[in-house]
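To start, the structure under review is shown below, and the notes come after it.
The values are calculated or read from the model by the stated rules, or taken from the named source; none is laboratory data. Note that this is a predicted model, so its numbers are computed, not measured. Backbone-built Cβ (ideal geometry, glycine too); neighbour counts: all protein chains shown.
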Amino acid sequence: MKFDLILKGAEIYRGGKLVSSDIGVKDAKILEIGQELDSSEALETLDLSGQQVLPGIIDSQVHFREPGLTHKEDIESGSRAAALGGVCTFFEMPNTSPPTTTVQSIEEKVKRAKASSWVNFAFFMGATQDNLEELKKANDIEGCCGIKIFLGSSTGSLLLYEKEALLSVFKNTKGMISCHSENEDLLVERQSIRDTFTTAHGHPEWRNVETALSSTKRLIELASQAGRKVHVLHISTKEEMEFLAKNKEHCTVEVLPQHLTLFAPECYDKLDTLAQMNPPIRTKDHLEGLWRGIENGTVDVMGSDHAPHTMDEKKQGYPKSPSGLPGVQTIIPLMLNHIHNKRLSLGRFIELMAERPSELWGLNKGRIEVGLDADFTVVDLGLKKTFTNEEQGSKVGWTPFAGMEVTGWPTHTIVGGQTVMKHGELINKAGKPAI
């Protein structure tokens, strides 16, 4: 057979626009793009009439909690949620228990993922005070997508913020360095503010704009000194976005859909600790500032920061409740809804979640072109659906967006030419290392 799979009848996103064309797949790669490919030459044909085929979406920041915290999530359940949400590839963070800080621990995660992941995967190695020799090897390990640094404490025990240690990592390693940027000294100094609150309204008061902005300014200064670009994660303030816009030679920038969709105080009025995350969801002027960063090109990528905690953990009440929200299953419909509402263009969405991540991490993905990996996110841009807790694939079984109606929904997740998800039903596991 000439083809393993033909996708027929859909509009495909290619060359900056949607065009009517078929796609022929062979050996997990795109073999041919053209009109009226012959179904008799394929082992399988998918009729996708009325739908849109996008390059496979990449979520470059998730926390799947394996090993050690698997009552909340594991690689199988997290990747299941990804597949149900149309995500073809995930990059997972190292704040597990124990943390992922060695070559051996990356290799163990890759081994587990090869056996259990529904979609493609890669893993970050966490930076500590004393694992520089391991970090030097990160760029050469199968399935490792770079180094993660927590400059401010969040979920887990990873933390590195002393100047000389940071400079040493920046100067002596290769590959992507992704940074959680909050000022640890200020977080410690301001803990008494946190402890005066009994609702999550206190979260952005404790982790205020200055805790984020001061850390990000310091991070860019150190990156400049080291002659090294850094990837600054989950920007939450308009001030940071304005600062980073002037310092793009030193950084790439990520935003999250939570910070583009929810805002204080309304989200805390409605959700309380179910909206608690680090860095916090802030007031609407910050939301607007982040959108300006998307519109003017400052933002490079979007990730979900899928960070699940059980409902029982969240219901402990502030400030005992842990920070983090599930999101890998909802990120695509949320952004398609923003496209429907004319807040975002389809092209910019694909740039943020397929093209640019592929460029930054050197993947053979991100566009629909002959020779690239046959990863596709198929969507129906006109399909209206409502988020429910019951449909969530994550172990925690809830979403902060439950009850929200959106227009635009993923219908198929195709990974390496294999249909992993079709209309909400999981079919095949197809996960392989993305790097």
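See the values below:
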| quantity | calculated |
| --- | --- |
| Criterion (within 20 Å of Glu288 (Cβ to Cβ), assigned to a helix (DSSP H, G or I) and of a type in the set (S, T, N, Q)) met by exactly one of Thr273, Thr211, Thr216 | Thr216 |
| Some residue of the stretch 18-36 being farther than 18 Å from Gly371 by Cα, buried (at least 17 other Cβ atoms within 10 Å of the Cβ) and not charged (D, E, K, R) | yes |
| Residue in the stretch 287-301 that is closer than 30 Å to Asp74 by Cβ, in the same structural domain as Ala83 (by TED's automatic domain parsing) and part of a loop (DSSP other than H, G, I, E, B) present | yes |
| Extreme residue, farthest from Leu256 (Cα to Cα), among residues of the stretch 399-430 that are in contact with a helix residue (DSSP H, G or I) (Cβ under 6 Å, 6 or more places away or on another chain) and not aliphatic (A, V, I, L, M) | Thr413 |
| Residues that are surrounded by 18 or more Cβ atoms within 10 Å (Cβ to Cβ), of a type in the set (Gly, Ala, Ser) and within 17 Å of Gly152 (Cβ to Cβ), drawn from the stretch 162-201 | Ser178, Ser181 |
| Those helices (runs of 4 or more DSSP H) lying entirely in the stretch 306-407 with at least 2 residues in contact with a strand residue (DSSP E or B) (Cβ under 6 Å, 6 or more places away or on another chain) | 331-340, 356-361 |
| Qualifying residue in the stretch 15-23 (condition: in contact with a strand residue (DSSP E or B) (Cβ under 9 Å, 6 or more places away or on another chain), polar (S, T, N, Q) and part of a loop (DSSP other than H, G, I, E, B)) | yes |
| Members of the stretch 199-208 found to be of a type outside the set (A, V, I, L, M) and part of a helix (DSSP H, G or I), listed by number | His201, Gly202, His203, Pro204, Glu205, Trp206 |
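Yes or no, residue by residue, for (1) touching a strand residue (DSSP E or B) at 6+ places or on another chain (Cβ under 8 Å); (2) of a type in the set (Val, Ile, Thr); (3) part of a loop (DSSP other than H, G, I, E, B):
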| position | (1), (2), (3) |
| --- | --- |
| Lys114 | yes, no, no |
| Trp118 | yes, no, yes |
| Phe121 | yes, no, no |
| Met125 | yes, no, no |
| Asp130 | no, no, yes |
| Cys145 | yes, no, no |
